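Everything below concerns the one structure shown next.
The values are calculated or read from the model by the stated rules, or taken from the named source; none is laboratory data. Remember, predicted model here, so these are calculated numbers, not experimental data. Cβ sites come from the backbone with ideal geometry, for glycine too, and all protein chains shown count toward neighbours.
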Amino acid sequence: MDFIDFMDLYFNYLIVVNNQPSIKNKISQAIVSIYDVRLYYKTKHCTEMKKNIAIFAGGDSGEYEISLKSGKVIEKNIDKKYFNTWFIHVKGRSWTYELPDGKLVEIDKNDCSLNLPEGKIIFDAIFIAIHGTPGENGILQGYFELMKIPYTSSDVLTSALTFNKSFCNRVVMTHGVQVSPSVHIFSDDQYDVNAIIKAVGLPCFIKPCNSGSSVGMSKVNTLEELKPAIELAFQYDDQVLIEHFIKGREITCGVFKTEGNVVALPITEIVSKKEFFDYEAKYTTGMSEEITPAQIDEDIIKKCRATSTFLYRRLNCKSVVRFDYIFNDEGLFFLEVNTIPGQSENSIVPQQARCLGLSITDFYTLLLNELFV
């Protein structure tokens, strides 16, 4: 029985024995024990020479602070038995590493290296923790491709495509996955609010096309609210997506690749205490409930996992990503894909990895090992 078989077995037991902790814990321990062996054999070569991993965090978007938190969690949890870590703070053209005495050393962008007093550091791989630009939209990926340095994210094309919500929705639709009816407008368009409402109805959601963490997003309930919401979204991007509101339950599924296999993590249901899962609900303690594993029908679990692994392959995703959905009696509707999902202590993907029985340290080892296969 291979890892994928064990995963399927584990998920089935999660559904059945979620309220029986003793049984659930035994299954988790068995999976982890087996996987510890795999981790040992896949990483034992690193004991002779550790890999140098640069963690790129920060960026130039409204998700800057969240990105720094993700980067610090990654730095803390990467297994130091196998990897040396270098935290690189990115802000505009400044990419710096902070020495113990507080002095900042700029990355040499000619070869993406660090020139330190003790010598030059060449990176074996990059762990990208930047949400938003330039880490999630293909810009950094293009640079690392030029430098021929492997990195933990999807490639240039996939990152650029999936970062634009409207363009991504159109591609997802071609694969037979349901998405919400929408209107895509640009900052220099002469738009008609009445025509927009006719196309998507009320209520509706207004979103910057190229943004994350629900920054600049609004829920509109009346015609009068539409234009101010569009103007707000245009403060964050020059493209705006207006989507029909779908009433239902929100779920999300992390997906990653290990040993060449695409694996769906346990599903999380998101219950926001606000009108929708906005920036405040995402990052303020107590403003939302994230239930992992989701207490939903097995048919929806199977549909969500199958759709997520299918889209992971069709969109050519790499490393770990997270797919968000709404479901109701009419089916499962794709919302978006996050190609650099949050990695702070309370972020969804770390929750899902822990639910599976994997420590965050082992999970990051799996992601990094995939770069050296």
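For the residues GLU289, GLU330, GLU336, the requirement of being surrounded by fewer than 21 Cβ atoms within 10 Å (Cβ to Cβ), at pLDDT below 95 and of a type in the set (Asp, Glu) singles out GLU289. Of all the residues in segment 148-170, those that are surrounded by fewer than 16 Cβ atoms within 10 Å (Cβ to Cβ) and part of a helix (DSSP H, G or I) number 2. Looking at segment 68-143, the strands (runs of 3 or more DSSP E) lying wholly inside it that each contain 1 or more residues that are in contact (Cβ under 8 Å) with a residue 40 or more places away in the chain, touching a helix residue (DSSP H, G or I) at 6+ places or on another chain (Cβ under 9 Å) and of a type in the set (Phe, Trp, Tyr) sit at 83-91, 125-128.
Looking at segment 199-233, which of its residues are without any contact (Cβ under 8 Å) to a residue 60 or more places away in the chain, in contact with a strand residue (DSSP E or B) (Cβ under 8 Å, 6 or more places away or on another chain) and part of a loop (DSSP other than H, G, I, E, B)? Within segment 199-233, GLY201, LEU202, PRO203, CYS209 meet the criteria. Residues of segment 347-373 that are closer than 20 Å to GLY58 by Cβ and either assigned to a loop (DSSP other than H, G, I, E, B) or hydroxyl-bearing (Ser, Thr, Tyr) (or both): SER347, TYR364.
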